[in-house]
1. Using the charge dipole of the chain (Lys, Arg: +1 at Cβ; Asp, Glu: -1 at Cβ; taken about the Cα centre), state which of Gln69, Thr149, Met418 has its Cα farthest towards the positive end.
2. Relative to the longest principal axis of the chain, what angle (0 to 90°, nearest 10) does the C-alpha long axis of helix 439-457 take?
3. Once you keep just the Cα pairs under 8 angstrom separated by 6 or more residues, what percentage relative contact order results for the chain?
4. Based on the Kirkwood radius over alpha-carbon pairs, what value in µm²/s does the Stokes-Einstein equation return for the translational diffusion coefficient of the chain at 25 °C and 0.890 mPa s?
5. Given just the C-alpha atoms of region 281-363, how large is their convex hull per residue in cubic angstrom?
6. Would you mind checking the radius of gyration and Dmax of region 360-422 based on alpha-carbon positions, in Å?
7. For a Förster distance of 51 Å, can you work out the FRET efficiency between the beta-carbons of Lys160 and Glu437, rounded to the nearest 0.05?
8. Can you give the extra length, in nm with one decimal, that the chain gains between Asn414 and Gln430 once fully stretched, where that is 0.36 nm per residue apart less the Cα-Cα distance?
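Bear in mind that the values in this text are calculations on the coordinates, not laboratory data. Quantities reported herein were computed from a predicted structural model and do not represent experimental measurements. Reconstructed Cβ throughout: ideal geometry from the backbone, glycine too, with neighbour counts over all protein chains shown.
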Amino acid sequence: MKKIEILIWVVGLMASTAMAQEKAPPNVLFIAIDDLRPELGCYGDTIVKSPNIDKLASQGVVFNRAYCQVPVCGASRASMMSGILPTKTRFVNYLAKVDKDTPGAITMAQVFKEAGYTTLANGKIFHTSSDTAERSWSRPVKSPGISHTASLDPASAEVKSKNGHGLFYECVDAPDNAYGDGVVAEHTIADLQKLKESGEPFFLACGFIRPHLPFYAPKQYWDLYDEATIPLASNPYRPRNAPKSLRGSGEFKGYGLGDFKVGSDAFQRKMRHGYFASTSYVDKLTGDVLNELERLGLADNTIVVVWGDHGWHLGEHTFWGKHNTMHNALRVPLIVKAPGKFEGGKSDALIQNVDIFPTLCSLARLDVPESVQGTSFEAVLDDPTSSINESAYARFKGADAVVTDRFNYTRYENGEEMLFDLQKDPQENQNVANNPEYSKALKGMQSLLKQQIAKAEAVSL
């Protein structure tokens, strides 16, 4: 073979290889973090240490206005993974299951599995690991084998709540994998290594529990903070003119409180310290997974999503936890890095959790099931200044809510209402539903909520 022929052959081989790589379906790494609110450096927070998630944020798009559909884990996850909105009888509480509430729905992981992807899950993705497991995953979901309430300090177990749970926080000198989330990270890293070897396209889900209660994390993450200087919520009081139906979560009372008096400065600082330490712990584990993705050379063709299932109150309005329709309970962190899309952007587009499903399908060029009620935000990944939704819908028990660029409106089953002007009152300290100046805005939000409820109820599976 002549030199010129060899050169042509080499160039042709390189071109065909490049085309094959270009056509390779993108992988998906989906990292779900329980109870994580947008209390991260990439969201402008100056207290929490979250360098690994912040690094990912600099490589993708940060969504400032992403909202869950139900502020409780099981229902939120079932809604997101099915792309279906909640109703009064669907996705109601933490025990919600797609198999039970919408048995005919195709799940996000199922779409990828049926398209030839290897679909794997470690840790908490659905609240119940058996939910849609056979049709969603290529193998059974891998549990860490360690309960999220398992303690390493015998003293933690000595302080019991009425339901038998130990102390609400724990600070011990231990390696990352002494707790379940560390094991989940190890399982995910091992899966990445095997997937690299096989060369198969993958949808890999990694579900961390922290910063969910109890706040058990290795001492090194507690040491990142000086508890005495941790700032407390600036609005530890109920919103003015709040209806009686507005309540906070009592979940934290399910853990031993020791000698702490609820509401005291000491209690508030310990709660916030524990939440921040747990957030930094899960940030480190997220970094371990992302670093391995990079080391294996998989990052360039992998869509990465970091997502929190709902928000969390940290003492605002005297509330601790989720379980209502206020902004702190509904707003979630959402960061998406996708090949060929905008890098280092921030978007104020209104995004619903149900929009994630069609977006990942769109990015992978897969058909979206007809049952999915979300809208792809791929266009926002190209241009973070664009938008797709006029509003975001959410509900919790007897409360239905709708959020727009400016307002958060809730109507309770008993007729009570809340309206917050997020531009003038971003901390939601004043309910203006009965303020005559907002009568026009109130009517508009009432109409918008009716539309959203009707849309949610239009799907029955």
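1. Met418
2. Here the helix axis deviates by roughly 50 degrees.
3. Numbers: 995 pairs, mean separation 112.2, N = 461.
After rounding, I find 24 percent.
4. Details: Rh = 22.9 Å.
Value of D from the Cα-based Kirkwood radius: 107 µm²/s.
5. Details: hull volume 10.3 nm³, N = 83.
For region 281-363, the hull spanned by Cα atoms encloses 124 Å³ per residue.
6. Answer for region 360-422, Rg first and Dmax second: 15.6, 45 Å.
7. Numbers: r = 51 Å, r/R0 = 1.00.
Computed FRET efficiency for Lys160 and Glu437: 0.50.
8. Numbers: separation 16, 0.36 × 16 = 5.76 nm, distance 2.03 nm.
That pair, Asn414 and Gln430, stretches by 3.7 nm at full extension.
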